[in-house]
Amino acid sequence: MEAPDCEVLSVREQLFHERIRECIISTLLFATLYILCHIFLTRFKKPAEFTTVDDADATVNKIALELCTFTLAIALGAVLLLPFSIISNEVLLSLPRNYYIQWLNGSLIHGLWNLVFLFSNLSLIFLMPFAYFFTESEGFAGSRKGVLGRVYETVVMLMLLTLLVLGMVWVASAIVDNNKASRESLYDFWEYYLPYLYSCISFLGVLLLLVCTPLGLARMFSVTGKLLVKPRLLEDLEEQLYCSAFEEAALTRRICNPTSCWLPLDMELLHRQLLALQTQRVLLEKRRKASAWQRNLGYPLAMLCLLVLTGLSVLIVAIHILELLIDEAAMPRGMQGASLGQVSFSKLGSFGAVVQVVLIFYLMVSSVVGFYSSPLFRSLRPRWHDTAMTQIIGNCVCLLVLSSALPVFSRTLGLTRFDLLGDFGRFNWLGNFYIVFLYNAAFAGLTTLCLVKTFTAAVRAELIRAFGLDRLPLPVSGFPRASRKTQHQ
């Protein structure tokens, strides 16, 4: 009887040590992400909001910033979740019995997926609304001013918002699935209500990715062109430097002699414009000093990489559309147990897994670029050391919605065969063939349309500017004629 008891104790002790090891690894990963996000947010926050005369306002803003840092760390973790799982699977396949990677197992990966899901729910439903109401609160009338009074008001507002959202979700569930079991399931707050609410939020995030990613894929070419130095055939830096110096001199004269103009001048606006022009001139000087290798090789290679990645993404989605019509296994589904290290999730092995990871990161960056390029969300774009606290909260919420929908987005488009783990695979709409098929078709169609329109227009515009045809008094289709003042000059 003693031998079985010792074996049971040894198994329990081993499980206990494994759980402790997983907790330590998860804590270290989260601490790293938290520090990186804190450094990132401090570069965009408005310093005046944290050095106010009222200590209560500064304390409230500091607490809200920490909550935003936590949310942004969860968003970054959601972005890294699927690539980390794919790479871990390939590492376990290549080194199945290596002693130094025994900590990397299915239990750890499954735990990370559950933690990201849990804290995404917590941030979206509780922390970010609390941070917003906390920064906007002033305390109840007649109560003592201070942080504690604001906390009371925020808690009351959060409870009212929770009741409102709970009622809306309950009504929506009754409309969509009108039976007693589905309505009673929402009474189980943690097991059904939060996953159902997060499923709705994730569906909105996937729809937002559907709109922003094709727009971002088209915008990536112009954004990369602004960051890199173009060949001399496509860009005249001397002319840009001359124009920038001329505008800077004109603004300097207006600032030094404000009485010379009969119109009232906004001096703060003029100073901001002058600072922007000076920054632009410094960047142009650096680009002019670029080497011939950077000028003639870096830009074409970057454009070629973007074109290959975008074309490969559209090709994979097109193949996945055909697979959806032929094979039912192509449908996205959830996986309860993380059985890693048994089979590769790519037909090309490790190389295919690396391509999948690169495509997932590329589409995420493109979706962020498209999100901030869209007219609806352009006002949310953060500014360096000039972003209000409420704007930071809005950015963190939007980035968390986009990033938490990224695993579902990637699996729905067939970018990877890695099945969704934990509660990410419990979304009801993932099993609907028509939704998945129409989503893939819409993504392929919108991406192709945006690329054809943007790429052909960009090439046509660059060629016209390179040969100087934009300065001629000739009607060029799709491009504005030069002004009469420019023509006479």
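The values are calculated or read from the model by the stated rules, or taken from the named source; none is laboratory data. All of these numbers come straight from a predicted model, not from anything done at the bench. Note: ideal-geometry Cβ built from the backbone for every residue, glycine included; neighbour counts use all protein chains shown. Ligands, DNA and RNA are stripped out before the accessible areas are found, and what is left, the full protein with its side chains, is counted by its heavy atoms. Shrake-Rupley method; radii C 1.70, N 1.55, O 1.52, S 1.80 Å.
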Does segment 281-299 contain at least one residue that is at pLDDT 65 or above, buried (at least 16 other Cβ atoms within 10 Å of the Cβ) and either under 30 Å from Ser107 (Cα atoms) or within 27 Å of the chain's Cα centre (by Cα) (or both)? yes
Taking the residues in segment 373-397 that are in contact with a helix residue (DSSP H, G or I) (Cβ under 7 Å, 6 or more places away or on another chain), open to solvent by 30 Å² or more (accessible area, probe 1.4 Å) and not charged (D, E, K, R) as candidates, determine which candidate is farthest from Arg43 (Cα to Cα). Phe377
Kindly evaluate Tyr99 against the criterion of being of a type in the set (Phe, Trp, Tyr) and at pLDDT 85 or above. no
State all residues of segment 90-142 that are more than 30 Å from Ala405 (Cα to Cα), polar (S, T, N, Q) and open to solvent by less than 30 Å² (accessible area, probe 1.4 Å); if no residue qualifies, say none. Ser137
Which numbered condition trips up Val369, out of (1) open to solvent by less than 10 Å² (accessible area, probe 1.4 Å); (2) modelled with pLDDT of 85 or more? (1)
If we keep just the residues of segment 374-422 that are assigned to a loop (DSSP other than H, G, I, E, B) and without any contact (Cβ under 8 Å) to a residue 12 or more places away in the chain, which is nearest to Arg219 (Cα to Cα)? Pro375
Based on this model, can you work out whether Trp113 counts as outside any helix (DSSP H, G or I) and under 23 Å from Ile24 (Cβ atoms)? no
If you scan segment 138-154, which residues turn out to be assigned to a helix (DSSP H, G or I) and without any contact (Cβ under 8 Å) to a residue 24 or more places away in the chain? Leu148, Gly149, Val151, Tyr152, Glu153
May I ask you to say which residue of Leu400, Leu413 is touching a His at 6+ places or on another chain (Cβ under 9 Å) and surrounded by 18 or more Cβ atoms within 10 Å (Cβ to Cβ)? Leu413
Mind listing whichever residues of segment 88-104 are in contact with a Leu (Cβ under 7 Å, 6 or more places away or on another chain) and not in a helix (DSSP H, G or I)? Leu104
The residue that is modelled with the highest pLDDT, considering only those in segment 24-71 that are outside any helix (DSSP H, G or I) and more than 19 Å from the chain's Cα centre (by Cα), is Lys46
What number of residues within segment 95-125 are within 27 Å of Leu72 (Cβ to Cβ) and free of Cβ contacts under 8 Å to residues at least 12 places away in the same chain? 2
Mind checking which residues of segment 315-325 are surrounded by 18 or more Cβ atoms within 10 Å (Cβ to Cβ) and either of a type in the set (Gly, Ala, Ser) or within 13 Å of Leu446 (Cα to Cα) (or both)? Val317
Leu208 being closer than 30 Å to Gly370 by Cα and modelled with pLDDT of 80 or more: yes
Does Pro129 satisfy being without any contact (Cβ under 8 Å) to a residue 40 or more places away in the chain and of a type outside the set (Phe, Trp, Tyr)? yes
Residue that is modelled with the highest pLDDT, among those in segment 156-175 that are of a type in the set (Val, Ile, Thr) and either touching a helix residue (DSSP H, G or I) at 6+ places or on another chain (Cβ under 8 Å) or open to solvent by less than 60 Å² (accessible area, probe 1.4 Å) (or both): Thr162
